[in-house]
Structures are given as C-alpha cells and as structure tokens.
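K.L.:
Input: one structure, supplied below.
The values are calculated or read from the model by the stated rules, or taken from the named source; none is laboratory data. Note that the structure is predicted; figures quoted are calculated from it, not measured. Glycine also receives a Cβ, built like all others from the backbone with ideal geometry; neighbour counts cover every protein chain displayed.
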Amino acid sequence: MTDLVELVIARLRELPPDAQDEIAGAMLALVDAASEPVALSPEDRPSPAESLEQAARGEFASDEDIEAIWANHAPDRQPPSTASLFAGLPATAEADERIDILMQAPQARIERIVSTGQASPPGFWYDQPWDEWVVLLAGCAGLRLDGETESRRLGPGDHLTIPAHRRHRVEWTSPDRATVWLAVHLAPVDQPSTATDSPS
C-alpha cells in the first residue's frame, strides 16, 4: 500500500460513517472503471458497416435493448441516472454542512454543498492545494478572500474561481433556507488527486 493510500484511509477514518461509505463507493467505482473491459462475443459486436447502415436508416437501439445489454454485461452496474441538485434539501437547519460528491476523477472532484446557516469557524481560513470554481445555486452567502476587507455577498448564479492556496472563508450562509453550492475542484498537474484533502 502506498503512502498516499494510507493517508486517504487515515483521513476517511476521521469522517462520519455515512461520508466514509459515500467516498468508499466512489473509490470502488474508480477501481472498477480501471479494470479490464468485458470482451464482447461476435453476436454482440455487429460489423461497423452494418452499424453505419442502420444509423443511415434511423434504426437505433431501443431503451429496452440498452437495458438488456447493461443487464447482460454489467448486472451490478446501472446506466447513468439523472438527479436534481435540489433533491433532498433539508427543510430545517442542520448541525453540519452537507457535502455530496457528485463526480470524482484523479484531477477533478465535483461537489454539491448544502449549508443551513453554517460559516467557517472564527479565525479559520481554507488554504487548499487546488483551484476551486464555485457557483451558488440557491440561498445566499458571504465569502471572504484573504486580503479583501469586505466579504463578497453571493446570490443564485454568482460564481468565482478561487486559485490554489488563495486563503478564503465562508463568513455566513442563509440561516432560514438552504444555501446550495456547486464546487468543482481542479488539481494542479503535478498533484496526484483531489481526493487526498478535505473539501472546500
């Protein structure tokens, strides 16, 4: 086991059980994606010429055909699902901010962050080793960048890029409704992964 994997496991142990399971599921999906592809039989692999002829005639696989292929070749893998960034929002304030990892790749992580009145602890500044692009989808928040005398008031649709190691903090979030953020973390080329540090 590499030092980096041991670091990830140590960090995972510090998280609540639900967060551990969610991250472990994302890690397993990445490991499974790196495995060898399933070899198709000749019956499952029509010739490219036949496929092009079918496309020219407007003949495409039905949803039922696609579901049958998933069931036959990857019974434990479901086709991509559609989800709403506004699903499952808390109706009342919660003790902790909620962070849902929507997508994870070696050089990027996309998160939905739901705040219900949370703010950075007094005197605390985020100083992360990757760039972060963040957009506020609902609610409002005050975000302060180190070196600025005033916090920036963010409302729905407001977004900004926070460069790596640009210290920042959340001064406040809406106490009476959910504040929904979408954060995209981008690792520098020389950094192995965005998965080794805590979000935002």
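K.L.:
Out of region 106-145, which residues are free of Cβ contacts under 8 Å to residues at least 24 places away in the same chain, out of contact with any His (no Cβ under 8 Å at 6 or more places or on another chain) and assigned to a strand (DSSP E or B)?
P.N.:
So the first thing to find is which residues in region 106-145 are free of Cβ contacts under 8 Å to residues at least 24 places away in the same chain, and the list is 121-123, 145.
Then drop every residue that is not out of contact with any His (no Cβ under 8 Å at 6 or more places or on another chain), which leaves 121-123.
Matches in region 106-145: none.
K.L.:
Kindly provide the set of residues from region 99-144 that are over 19 Å from Asp176 (Cα atoms) and among the hydroxyl-bearing types (Ser, Thr, Tyr), ordered by number.
P.N.:
Once the filter is applied, which keeps residues that are over 19 Å from Asp176 (Cα atoms) and among the hydroxyl-bearing types (Ser, Thr, Tyr), region 99-144 yields only Tyr126.
K.L.:
While we're looking at this one, here's another question. Taking region 131-177 on its own, how many of its residues are loosely packed, with under 15 Cβ neighbours inside 10 Å and among the basic types (Lys, Arg)?
P.N.:
Here the count works out to 3.
K.L.:
A further question on this structure: Examine region 9-26 for a residue that is at pLDDT below 75 and over 20 Å from the mean Cα position of the chain (by Cα), and state whether such a residue exists.
P.N.:
Yes, region 9-26 contains a residue that is at pLDDT below 75 and over 20 Å from the mean Cα position of the chain (by Cα).
K.L.:
Now, a different point. Tell me yes or no: at least one residue of region 77-99 is buried (at least 17 other Cβ atoms within 10 Å of the Cβ) and either outside any loop (DSSP other than H, G, I, E, B) or small (Gly, Ala, Ser) (or both). Before the answer, list the steps.
P.N.:
First, pick out the residues of region 77-99 that are buried (at least 17 other Cβ atoms within 10 Å of the Cβ): 89, 97-99.
Of the ones still in play, those that are also either outside any loop (DSSP other than H, G, I, E, B) or small (Gly, Ala, Ser) (or both) are 98-99.
Yes, because at least one residue in region 77-99 is buried (at least 17 other Cβ atoms within 10 Å of the Cβ) and either outside any loop (DSSP other than H, G, I, E, B) or small (Gly, Ala, Ser) (or both).
K.L.:
Which one of these is in a helix (DSSP H, G or I), modelled with pLDDT under 70 and hydrophobic (A, V, I, L, M, F, W, C): Leu40, Leu30? Spell out the reasoning first.
P.N.:
Values: Leu40 fails: in a helix (DSSP H, G or I).
Going through Leu40, Leu30 in turn, just one is in a helix (DSSP H, G or I), modelled with pLDDT under 70 and hydrophobic (A, V, I, L, M, F, W, C): Leu30.
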